[in-house]
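Here the structure is laid out as structure tokens; the discussion comes afterwards.
The values are calculated or read from the model by the stated rules, or taken from the named source; none is laboratory data. Computed from a predicted model, the values in this text were never measured in an experiment. Cβ placement follows ideal geometry from the backbone for every residue including glycine, while neighbour counts extend to all protein chains displayed.
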Amino acid sequence: MQALSTPSIQPAALRLAARWLLRALSLVACVAAWQWASTRQVDLGLVTFQNVPSPKDVVDAAGVLIASPKLGQHLGASIGRVFFGFAAATAIGIPLGLAIGRSRLLEDLLLPPLEMLRPIPAVAWIPLAILMFPSSEMSMVYITFIGALFPILLNTIHGVEGVDPRLVASSRSLGAGGWTIFTEVILPASAPFIVTGLSIGMGTAWFCLVTAEMISGQFGIGYYTWASYTIQNYPEIVVGMLFIGVIGMGSSVLVKKIGDLFLPWYHMQRKKR
Amino acid sequence: MKLHPNPRRTILGLALSLPLALGLAPGTASAAETIRIAIGTQDTTINCATGGLLIRELGLLEKYLPHDGKYKDVKYDVQWKNFTSGAPLTNEMVAGKLDIGSMADFPGSFNGAAHEKAGKKSIFVTVLSGSVLGSGNGIVVPKNSPVQSLAELKGKTISVPFASTAHGMLLRAVKAQGWDPDKDVNITTQAPEVAGSALQSNKVDAHADFVPFAELFPHRNFARKIYDGSQAKAPTMHGSLVDAGYARKYPEIVMAFLRAAIEADRLIAAEPEKYSELIAKVTGIEAEVNYLFHGPVGLQTRDFTWKPEYRQAVNTSIETLRLLKRTDSDIDANTFINDTYIRAAFKQAGLDYDKQLKNYEKLPLKAKDAVTAKPITDFKHLTQIWVQGEPLVRHYASADTAFAELRKLEQSGKKIRTVYAHDQDSGLKLLAGDAWYVVKGKDKEKEISAFLLKADAQAWAAKNKGTVVDFDTLNAGKAI
């Protein structure tokens, strides 16, 4: 069958463009609502916008920050701290998770203390972090590390435990040894969960950034946000929050995309459904 | 299939009966007006004690709240909230959750500016405690550091709580050294809580802080004070602010708060040891440090009057605020500081405000020497010993008598809480353990002088042919 006329734009591309337009419009509508609420000083009783800075103030403050020569140092310092903490959490969390997932003995030995440490908020770690590590930078990296560790660890454990035992049994019956089962069955099966854990862990590492940078302030987006709080510069606080949000989201998506490169079969499977 | 008979009717019934039940609840149908008095305190900043901790713990506010005239049938809702610094307190005041708050000159200026930005106004109604020379702020180094003065910190890292009164002192001290704050020294931000750990593990070369940390950290034995704020000659004060609208509406309540503060001051002046212990119980800051500030001839002076030096402190902080915030938000110190309420409170209490305004004396010590029983008049050589288990501090007219007594007490097995000395030149109260001493003469002619800075001790020793020793050597009683 021949098409009556070849369309100049693919309908699929149009649909995609429409979706992006909708997302953009949604963001614009939110900002417009925020501008209206803050300039009109709306008071809804439970929540009030009387003292919330308006988008315009925030944009002005963002402009000042972007033009400032210190921006590079702030961003560099923060990205460094998050990256090293995340890297350490990956290097420790994944192997630990794989081991705990496979060995009941290790699970009984290691999981109880780890589960005790998990709910401890980053702020509570500050004094010990300062005492335990040789430099302020390491103390800060420890805080982002502890923020990233648990999502990575738990998702890895979950992934390993969720491997279909029939797959393991089948490969054993086909003559696979312990190591082969691990690399060819367990690892690929738990990989999607590991990637999800990494993506969440990246987000939680950024989450702990402000806390980490309270340890020693000079540079960093978290420090910038907290110092603005101390001198009551509310627009700057929002700028700091947005920077962390955007960079955090961006790096989280990046981790997911990189992870997905290792999981081509997973996405094929999903598309088929 | 019916799961439950008429769930809709049940929900409707509940929804209707709830407001009815709440309406009949005691208190909601009352015609009496409830006035909220929400007071923000900084308990760990112990020199604010008369504006917060003492009033709250001793129930002093209720004694002065009005119950006549327009307050006849009023119910008071007194709320107390504690903070470790001025910024979150200001945040809550701006958000309308607090009516009165106590903080230092620097955070106070930010408070004024933040209110103005939000379309409100706050007024600085009284001073609580201060030093016209600048004591109260100080710089400490880790205990094992070889540094003995600020000059040795060139090129090093000094941390300070951002935008605090100590930050202002540090900037001024750096300027006085002729340094460029961006190049010659590395100033970073650390809250006092965090700095304590950093000093213990030698992560910073020095730390500047406000009351009481520059003395608390040395007392806890992991730091040593090497600079007193008075060397920067920048007056510093802590005081109380009130929302201007609230003050206009309820001036009698503001007066009641101030009367309570005046009463708290009277009580602690009369029994400094007792209330230092109370502050210690509530805050965990040891009584020895509290007494250092609140006791007679203390490091700071409790004062309610707006001396020109304290007005200057607020002005300086407004200027520095403009620099730090990079905004043009300007508050006029003349309308920001409002002394009408404290003047009225003084009058009501039968005190003379103008007389106190001219009084620059520290709280005097009316005591007799513990050995000779003669009244002590010269406070520059005053040395004090607080023995464990004794409720009161022992006073000695000179360091030599005190050290002799100290040796006797320790030999008899008594534990010593702390020893206080006074710097011979400035008269500042010191923790004797960290001070430097010059010993002149022998036996009956022996004269011991105390100094905060090693350099001062050495200068005096050179001029008067004495020997410089530290506390441990002196206490050991070895022949010099």
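Within the stretch B:72-97, track down each residue that is more than 10 Å from chain A (Cβ to nearest Cβ) and under 23 Å from residue B:313 (Cβ atoms).
Answer for the stretch B:72-97, where residues must be more than 10 Å from chain A (Cβ to nearest Cβ) and under 23 Å from residue B:313 (Cβ atoms): B:83, B:84, B:89, B:93.
Within the stretch A:74-97, can one find any residue that is away from chain B (no Cβ under 14 Å), more than 19 Å from the chain's Cα centre (by Cα) and at pLDDT below 95?
yes
Just give me the residues in the stretch B:151-184 being within 13 Å of chain A (Cβ to nearest Cβ), surrounded by fewer than 21 Cβ atoms within 10 Å (Cβ to Cβ) and at pLDDT 90 or above, in sequence order.
Within the stretch B:151-184, B:157 is the sole residue that qualifies.
Please go through the stretch A:50-81 and give me each residue that is over 13 Å from residue A:39 (Cβ atoms) and among the small types (Gly, Ala, Ser), ordered by number.
Across the stretch A:50-81, the qualifying residues are A:61, A:62, A:63, A:67, A:68, A:72, A:76, A:77, A:78, A:80.
So that you can scan it fast, the table gives a plain yes or no per residue for (1) among the acidic types (Asp, Glu); (2) closer than 30 Å to residue B:199 by Cβ; (3) surrounded by 24 or more Cβ atoms within 10 Å (Cβ to Cβ):
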| site | (1), (2), (3) |
| --- | --- |
| B:105 | yes, yes, yes |
| B:108 | no, yes, yes |
| B:120 | no, no, no |
| B:124 | no, no, yes |
| B:135 | no, yes, yes |
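Quick one: would you say residue A:197 is over 21 Å from residue A:139 (Cβ atoms), surrounded by 23 or more Cβ atoms within 10 Å (Cβ to Cβ) and in contact with a Ser or Thr (Cβ under 7 Å, 6 or more places away or on another chain)?
yes
Out of everything in the stretch B:195-222 that is in contact with a Phe, Trp or Tyr (Cβ under 7 Å, 6 or more places away or on another chain) and more than 14 Å from chain A (Cβ to nearest Cβ), what residue ends up being surrounded by the most Cβ atoms within 10 Å (Cβ to Cβ)?
If we take residues in the stretch B:195-222 being in contact with a Phe, Trp or Tyr (Cβ under 7 Å, 6 or more places away or on another chain) and more than 14 Å from chain A (Cβ to nearest Cβ), then B:211 is surrounded by the most Cβ atoms within 10 Å (Cβ to Cβ).
Out of the residues in the stretch B:98-118 meeting the condition of being facing chain A (nearest Cβ under 8 Å) and free of Cβ contacts under 8 Å to residues at least 60 places away in the same chain, tell me which one is nearest to residue A:226 (Cα to Cα).
Per the criteria, the residue is B:114.
Let's see how each residue does on (1) more than 17 Å from the chain's Cα centre (by Cα); (2) surrounded by fewer than 20 Cβ atoms within 10 Å (Cβ to Cβ); (3) more than 26 Å from residue A:27 (Cβ to Cβ):
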{"site": "A:231", "(1), (2), (3)": "yes, no, yes"}
{"site": "A:234", "(1), (2), (3)": "yes, no, no"}
{"site": "A:249", "(1), (2), (3)": "no, yes, no"}
{"site": "A:260", "(1), (2), (3)": "no, yes, no"}
{"site": "A:265", "(1), (2), (3)": "yes, yes, yes"}
{"site": "A:269", "(1), (2), (3)": "yes, yes, yes"}
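From A:119, A:113, which residue is assigned to a loop (DSSP other than H, G, I, E, B) and either hydroxyl-bearing (Ser, Thr, Tyr) or more than 14 Å from chain B (Cβ to nearest Cβ) (or both)?
That would be A:119, the only listed residue that is assigned to a loop (DSSP other than H, G, I, E, B) and either hydroxyl-bearing (Ser, Thr, Tyr) or more than 14 Å from chain B (Cβ to nearest Cβ) (or both).
Looking only at the stretch A:215-224, count every residue that is surrounded by fewer than 22 Cβ atoms within 10 Å (Cβ to Cβ) and touching a helix residue (DSSP H, G or I) at 6+ places or on another chain (Cβ under 6 Å) and tell me the total.
So the answer is 1.
Here are some conditions: (1) assigned to a loop (DSSP other than H, G, I, E, B); (2) touching a Phe, Trp or Tyr at 6+ places or on another chain (Cβ under 9 Å); (3) over 22 Å from residue A:129 (Cα atoms); (4) of a type in the set (A, V, I, L, M, F, W, C). Residue B:162 meets all but one. Which one does it not meet?
Only one criterion in (1) assigned to a loop (DSSP other than H, G, I, E, B); (2) touching a Phe, Trp or Tyr at 6+ places or on another chain (Cβ under 9 Å); (3) over 22 Å from residue A:129 (Cα atoms); (4) of a type in the set (A, V, I, L, M, F, W, C) is unmet by residue B:162, namely (3).
Considering only the stretch B:302-309, I want to know if a residue exists there that is closer than 30 Å to residue B:63 by Cβ, touching a Lys or Arg at 6+ places or on another chain (Cβ under 9 Å) and not in a helix (DSSP H, G or I).
Within the stretch B:302-309, one or more residues are closer than 30 Å to residue B:63 by Cβ, touching a Lys or Arg at 6+ places or on another chain (Cβ under 9 Å) and not in a helix (DSSP H, G or I).
If you take just the helices (runs of 4 or more DSSP H) that sit entirely in the stretch B:187-258, which of them hold at least 2 residues that are touching a residue at least 12 places away in the same chain (Cβ under 8 Å), touching a helix residue (DSSP H, G or I) at 6+ places or on another chain (Cβ under 9 Å) and of a type in the set (Phe, Trp, Tyr)?
In the stretch B:187-258, B:213-219 are the helices (runs of 4 or more DSSP H) which contain 2 or more residues that are touching a residue at least 12 places away in the same chain (Cβ under 8 Å), touching a helix residue (DSSP H, G or I) at 6+ places or on another chain (Cβ under 9 Å) and of a type in the set (Phe, Trp, Tyr).
Looking at the stretch A:124-145, which of its residues are surrounded by fewer than 16 Cβ atoms within 10 Å (Cβ to Cβ) and either away from chain B (no Cβ under 11 Å) or in contact with a Cys (Cβ under 9 Å, 6 or more places away or on another chain) (or both)?
A:124
Can you find a residue in the stretch A:146-156 that is of a type in the set (Val, Ile, Thr), over 18 Å from residue A:103 (Cα atoms), within 14 Å of chain B (Cβ to nearest Cβ) and in contact (Cβ under 8 Å) with a residue 60 or more places away in the chain?
Within the stretch A:146-156, not a single residue is of a type in the set (Val, Ile, Thr), over 18 Å from residue A:103 (Cα atoms), within 14 Å of chain B (Cβ to nearest Cβ) and in contact (Cβ under 8 Å) with a residue 60 or more places away in the chain.
Do you know which of the residues in the stretch B:137-150 that are away from chain A (no Cβ under 14 Å), more than 18 Å from the chain's Cα centre (by Cα) and touching a residue at least 12 places away in the same chain (Cβ under 8 Å) is surrounded by the most Cβ atoms within 10 Å (Cβ to Cβ)?
The qualifying residue surrounded by the most Cβ atoms within 10 Å (Cβ to Cβ) is B:141.
Among the numbered criteria (1) more than 18 Å from the chain's Cα centre (by Cα); (2) within 14 Å of chain A (Cβ to nearest Cβ), which single criterion is violated by residue B:192?
Answer for residue B:192: the failing condition is (1).
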